[in-house]
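Just so it is clear, none of the values below were taken in a lab; they were calculated from the coordinates. These numbers were taken from a predicted model, which means no experiment stands behind them. Positions of Cβ are backbone-derived with ideal geometry, glycine not excepted, and every protein chain shown enters the neighbour counts.
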Amino acid sequence: MKYLLIAVSDMRNGVEKDLFDQYQKRLTRSLSVVELKQRNCPSSEATDILKHISADDWVCALDERGKSITSRELAQHISDAEQTFKRMVFVIGGADGLADEVRTRSNFCLSFGKLTWPHLLVRGLLAEQLYRCQQIAINHPYHRD
């Protein structure tokens, strides 16, 4: 199983990149990143995003209107998707969010809560959650049990 992160905007050097890199290195599965130019227009960004998604991909849109779930629930979604799909794609939109076309194409819309998060920090949060899901999947002791 391969992971792909499609993100609108470029990652700059700094603490956010360091956080992302730290967790990306811990993953046993490959996590590739495609960075797209920010257009400040969700429909234009959607066209760019959808070019990188195949019909047989499982797509998770990170969206403030998505569902807020636990790490265990996210691990279960990923485990279920691994049974059917060849690649998991995670999408972080631009400053104005994701267009309906992207949310409609998504198999799941995930929210990291109602707070507003900087896009670069969301990358780190996602990488950390993917690592946490990986550890849950291998039955590593989990402090929430």
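For a straight C-alpha distance cut-off of 19 angstrom, the lysines reachable from LYS51 (same-chain residues fewer than eight places away being disregarded) are LYS2, LYS37, LYS86. Using the Cβ-Cβ distance between ASP48 and ALA95 with R0 = 22 Å, the FRET efficiency computed as 1/(1 + (r/R0)^6) comes to roughly 0.90.
Close amide H pairs (under 5 Å, H built 1.01 Å from N) link ILE69 with SER111, residues at least 5 positions away or on another chain. Give the angle, between 0 and 90 degrees and rounded to the nearest 10, that separates the Cα long axis of helix 15-26 from the longest principal axis of the Cα atoms of the chain. Between helix and principal axis, roughly 50 degrees. Ranked by how many other Cβ atoms sit within 10 Å of their own Cβ, fewest first, the residues LYS37, LYS114 fall in the order LYS114, LYS37.
Rounded to the nearest Hz, the phi-derived 3J(HN,Hα) couplings of the stretch 71-88 under the Karplus curve 6.51 cos²θ - 1.76 cosθ + 1.60 (θ = phi - 60°) are 5, 4, 5, 5, 4, 5, 4, 5, 4, 4, 5, 4, 6, 10, 9, 8, 9, 10, where x marks glycine and proline.
Close amide H pairs (under 5 Å, H built 1.01 Å from N) link VAL89 with LEU4, TRP58, VAL59, CYS60, residues at least 5 positions away or on another chain.
Coupling constants for the stretch 64-70 follow from the phi torsions by the Karplus curve (6.51 cos²θ - 1.76 cosθ + 1.60, θ = phi - 60°), and in residue order they are 4, 8, x, 8, 8, 10, 7 Hz; glycine and proline get x. Looking at the stretch 2-137 alone, DSSP beta bridges between its own residues are antiparallel in about 5 percent of cases. For the peptides 94-107, 10-23, residues were scored by their other Cβ atoms within 10 Å and the scores averaged per peptide; the highest-first order is 94-107, 10-23. The dipole here belongs to the chain: it is taken about the Cα centre, uses +1 on the Cβ of Lys and Arg and -1 on the Cβ of Asp and Glu, and is about 240 debye.
Here's the picture: charge each Lys and Arg Cβ at +1 and each Asp and Glu Cβ at -1 in the chain, and of LEU62, PHE108, PHE85 the one pushed furthest to the positive end of that dipole is PHE85.
If you average the alpha carbon positions of the stretch 27-51 and of the stretch 114-136, how far apart do those two centres end up, in angstrom? Rounded to whole Å, the Cα centres lie 16 Å apart.
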